[in-house]
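Notes to accompany the following structure.
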Amino acid sequence: MKDVIVIGGGVAGLIAARACARVGLSVTVLEATGVPGGALGSHQVAGLTLDSGAESFAVRRDAVAEFIADLGLSDEVVAPNPAGAWLHLPDDRVPNGSVSVPLPKAGVLGIPGSPLADDVRRVIGWSGAWRAYADRLMPVLTIGREHSLGELVRKRMGRRVLERLVEPVTAGVYSSAADDLEIDVVAPGLNSALTVTGSLSGAVLSLRSGAPAGSNVAGLRGGMFRLVTALVADLVYFGAEIVTDAPVTALQRSGTEDAPTWTATCAAPDTAADADAPAAPAPETTLDAHFVIIATPGAQALGLLAGLSPAHAALAELDWPQPTAIELATIVIDAPELDLHPRGTGVLVAAATPGVTAKALTHVTAKWDWLAEAAGPGRHVIRLSYGRAGQDSPTAGLRDDELLALSLADTRTILGVDLDATAVRGFARTVWGDALSPATVGAPERVDQVREVVAATPGLELTGAWLAGTGLASVIPDAVAAASRTRQEALGI
Ligand SMILES: Cc1cc2nc3c(=O)[nH]c(=O)nc-3n(C[C@H](O)[C@H](O)[C@H](O)COP(=O)(O)OP(=O)(O)OC[C@H]3O[C@@H](n4cnc5c(N)ncnc54)[C@H](O)[C@@H]3O)c2cc1C
């Protein structure tokens with residue numbers, strides 16, 4: 001019998017496990033895949049160790065920096081190249097043409113603070129800029145209680161701002177259409193700033209003036225996956241156990257209502273090496289504990305909760321959005337012509353841009369100096385992202401060589417540089433099935449309902465991006481809070 005079982009060894013689960021283990025609780029983490037870390041993964045491409053998922057963190061809250069300090073990694077925090085990102089858009093003047101322009105700087109999720117600024121007009125033209133400026137003259141119709149980001153932008157600033165500035169950003173960051181995103185989740189404070197300032201652009205300027213100077217994001221020298229390496233080392237030090245290849249298939253509660261015993265059932269790894277052997281039922285193992293923290297993505301968490309009671313099962317019936325699968329294609333290429341960083345640190349692609357399938361491109365060696373040094377002169381790392389909400393994956397059916405050819409073609413178009421296919425030194429593809437939990441309209445209410453049912457269940461905690469919001473700045477404080485409630489229940493501290 002353990003004190004705590006943590007189901008899911010992504011960053012949320014590892015953080016919660018560490019917080020429990022460091023006060024002396026016995027902890028086992030059960031992770032479905034062969035490696036801990038979840039969306040904070042790494043891979044080797046052409047001899048370079050690269051992030052395969054998250055590669056930065058938002059600095060808008062102190063939570064990540066404090067956590068990094070606690071792990072002793074503060075000296076490894078690095079700022080990205082300030083050159084910033086670009087946009088790739090349909091070119092209004094050329095049929096079936098496309099064009100790259102710098103992403104205007106003074107915005108929030110692409111919403112401009114100064115609609116008539118030169119860099120905004122380059123993207124949406126004079127007519128789009130005047131339409132966006134009309135926002136300043138309109139009455140505030142709904143005082144601070146807008147929900148859909150897309151609706152708000154369309155209403156206040158018009159279609160051009162939505163399609164050419166905001167949609168590329170939301171597709172890149174949240175894999176969602178702006179219409180589906182809940183403002184309070186993706187732009188906290190925007191609604192109240194709207195009420196105070198009376199216009200959307202005023203609200204954007206007010207949020208920007210309150211934000212710290214410098215970049216919105218930071219990274220770790222060597223890659224964000226180092227957080228996972230440090231967390232795992234700490235867990236080992238504190239005596240916690242991490243079991244990989246252990247997908248939990250069922251969770252049961254026994255004992256008394258106030259002092260339950262939790263039993264997690266795992267499908268043990270399939271060891272049958274002989275493919276011709278008749279399929280045998282997967283062997284199962286069980287593990288008991290006084291407390292359980294579920295830190296899987298939403299679909300798996302709701303599945304595990306469903307067996308506990310009708311109230312828990314009903315949570316799966318809420319109006320949850322369909323997760324969007326995204327695929328990343330990483331290319332390592334010898335291309336000195338990219339040394340000039342032709343499109344800054346990366347490019348966000350507007351939907352329906354002719355001739356480009358990717359929705360975003362990160363010029364990773366332009367973004368992070370430490371990686372450019374590690375790669376060496378003339379060698380570059382490019383990461384493309386595929387898959388938009390509500391659309392079939394454009395890459396799922398492609399063989400590796402076909403995806404590489406598509407990625408190279410997209411890179412040439414987006415960066416405006418002719419690249420030689422024989423100069424490719426490494427290529428990797430990574431699929432993230434449901435890692436980017438969409439911050440969709442109605443999310444706060446759904447999350448409140450989940451939290452209410454869980455709070456009324458002694459011995460159970462839930463954490464992870466699907467509840468806390470996408471990104472480490474949201475995930476880390478939520479996992480710390482979940483663990484502190486478990487510690488409080490277990491030890492009164
Ligand atoms: C491509 C990509 C890029 C990103 N970029 C950034 C970025 O730059 N900055 C940023 O802040 N955030 C970024 N994010 C988001 C960030 O990585 C996530 O919000 C965060 O890592 C989620 O952590 P988590 O622990 O909640 O979930 P996950 O990382 O999804 O971990 C959940 C874990 O649970 C395991 N699991 C699932 N089912 C079971 C089961 N039945 N039993 C046991 N284990 C199970 C999974 O295998 C997984 O390891 C990115 C995400 C992706 C996918």
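Do the conditions hold for Ala409, that is, is it within 16 Å of the ligand (Cβ to nearest atom) and over 18 Å from the mean Cα position of the chain (by Cα)? It is false that Ala409 is within 16 Å of the ligand (Cβ to nearest atom) and over 18 Å from the mean Cα position of the chain (by Cα). Only one of the numbered conditions (1) outside any loop (DSSP other than H, G, I, E, B); (2) at pLDDT 95 or above; (3) touching a helix residue (DSSP H, G or I) at 6+ places or on another chain (Cβ under 9 Å) is not met by Asp288, and that is (3). Which numbered condition in (1) of a type in the set (A, V, I, L, M); (2) out of contact with any Asp or Glu (no Cβ under 8 Å at 6 or more places or on another chain); (3) over 19 Å from Asp319 (Cβ atoms) is the only one that Ala482 fails? That leaves (2) as the condition not met.
Assess whether Arg164 counts as being surrounded by fewer than 21 Cβ atoms within 10 Å (Cβ to Cβ) and either touching a residue at least 60 places away in the same chain (Cβ under 8 Å) or within 16 Å of the ligand (Cβ to nearest atom) (or both). Before you say what the answer is, go through the steps one by one.
Details: surrounded by fewer than 21 Cβ atoms within 10 Å (Cβ to Cβ): no; either touching a residue at least 60 places away in the same chain (Cβ under 8 Å) or within 16 Å of the ligand (Cβ to nearest atom) (or both): yes.
Here the answer is no, as Arg164 does not meet what is asked.
With respect to the conditions (1) of a type outside the set (S, T, N, Q); (2) within 16 Å of the ligand (Cβ to nearest atom); (3) in a helix (DSSP H, G or I); (4) modelled with pLDDT under 95, Glu445 lacks only one, and its number is (2).
If only one of Leu462, Leu436 is under 19 Å from the mean Cα position of the chain (by Cα), crowded, with 18+ Cβ neighbours inside 10 Å, within 16 Å of the ligand (Cβ to nearest atom) and at pLDDT 95 or above, which one is it?
Working: Leu436 fails: at pLDDT 95 or above.
Among Leu462, Leu436, only Leu462 is under 19 Å from the mean Cα position of the chain (by Cα), crowded, with 18+ Cβ neighbours inside 10 Å, within 16 Å of the ligand (Cβ to nearest atom) and at pLDDT 95 or above.
None of Val59, Val4, Val64 is more than 23 Å from Ala129 (Cβ to Cβ), at pLDDT 95 or above and either away from the ligand (no atom under 15 Å from the Cβ) or surrounded by 16 or more Cβ atoms within 10 Å (Cβ to Cβ) (or both) except Val4. Filtering segment 465-481 to residues that are within 8 Å of the ligand (Cβ to nearest atom), surrounded by fewer than 24 Cβ atoms within 10 Å (Cβ to Cβ) and within 17 Å of Ile7 (Cβ to Cβ) leaves only Ala468.
One residue stands out among those in segment 336-360 that are of a type outside the set (Ser, Thr, Tyr) and free of Cβ contacts under 8 Å to residues at least 60 places away in the same chain: the one that is nearest to the ligand (Cβ to nearest atom), which is Ala358.
With respect to being touching a residue at least 12 places away in the same chain (Cβ under 8 Å), in a strand (DSSP E or B), within 16 Å of the ligand (Cβ to nearest atom) and among the hydrophobic types (A, V, I, L, M, F, W, C), Ile333 falls outside the description.
The residues of segment 19-48 that are farther than 21 Å from Val292 by Cβ and small (Gly, Ala, Ser), listed by number, are Gly34, Ala39, Gly41, Ser42, Ala46, Gly47. In this structure, does Thr413 turn out to be assigned to a helix (DSSP H, G or I), polar (S, T, N, Q) and surrounded by 15 or more Cβ atoms within 10 Å (Cβ to Cβ)? So Thr413 fits the description; yes.
In segment 7-47, the residue that is nearest to the chain's Cα centre (by Cα) out of those that are more than 11 Å from the ligand (Cβ to nearest atom) and either more than 17 Å from Ala482 (Cα to Cα) or outside the structural domain of Asp478 (by TED's automatic domain parsing) (or both) is Ser42.
Highlighted here are the helices (runs of 4 or more DSSP H) found entirely within segment 86-190 that include at least 1 residues which are under 26 Å from the mean Cα position of the chain (by Cα): 149-157, 167-174, 183-186.
The values are calculated or read from the model by the stated rules, or taken from the named source; none is laboratory data. These numbers come from a predicted model, not from an experiment. Cβ coordinates were reconstructed from backbone atoms using ideal geometry, including for glycine residues, and neighbour counts include every protein chain displayed.
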